[in-house]
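Novice: Could you have a look at this structure, given as structure tokens, before my questions?
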Amino acid sequence: MLGLKLPSDPRWVNIAKKNLEEVLSDHAFCEQKAASTAISLIVSFPEYTELVKEMIALVEEEMSHFKMVHDLIIERGFSLGRDRKDAYVLKLLQFFPKGGSRTTQLVHRLLLAALIEARSCERFRLLSEHLEDKKLANFYRKLMISEANHYTSFLSFARQYGNKEEVNQKWDDLLEFEADIMKSLNISESIHG
């Protein structure tokens, strides 16, 4: 369903399980960044009423997820820690050239957001299936469903606002690029690493 060209390295889930404090901290910041992305889309493209309405709901949902993850961090005696650069996202941002029409910029941002949500969904599925902690596994199962909805929403908006054939070609090309990124990254205890 997600269309990812390369599944996560199976070793990732083992690294994540051994470094839950780092995973939870990174996850919290991912939720905050997702909310920031939605706010940025609202600010940058206010004339797209349907998108704005969806992004308002997304901001609320992502910040509620941030709170839930932060509560888990505190409950486990951890602290949030500091945000780190997300090498995965930084590399993804290099795919589309700068500039172009407003519509092109919007489509590119929507496709990038869709892909980030798709990879998060895949990682949350892995956590939900492999964590021994049932509470945490169920938590990630619920968030996996949410991420899948975000992925399809962003992709649908990209197809709605852009030329569908061009958008589909860009999506396929972006998926190939993302697979190469996944091959190049060191496996780490981050959601996307």
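Novice: Among the residues of segment 43-70 satisfying the criterion of being of a type in the set (A, V, I, L, M) and surrounded by fewer than 19 Cβ atoms within 10 Å (Cβ to Cβ), which is farthest from A158 (Cα to Cα)?
Specialist: Step by step, filter segment 43-70, then rank; the result is M68.
Novice: Please give the number of the condition I73 fails out of (1) more than 15 Å from E117 (Cα to Cα); (2) in contact (Cβ under 8 Å) with a residue 60 or more places away in the chain; (3) assigned to a helix (DSSP H, G or I).
Specialist: (2)
Novice: Find the residue count for segment 88-104, including only residues that are over 18 Å from S36 (Cα atoms), surrounded by 15 or more Cβ atoms within 10 Å (Cβ to Cβ) and touching a His at 6+ places or on another chain (Cβ under 9 Å).
Specialist: Residues that pass the stated criteria total 2.
Computed from the coordinates by the stated procedures, all read-outs in this text should not be read as laboratory data. Everything numeric in this text was worked out from a predicted model, so none of it was measured. Ideal geometry is used to build each Cβ from the backbone, glycine not excepted, and the neighbour counts take in all protein chains shown.
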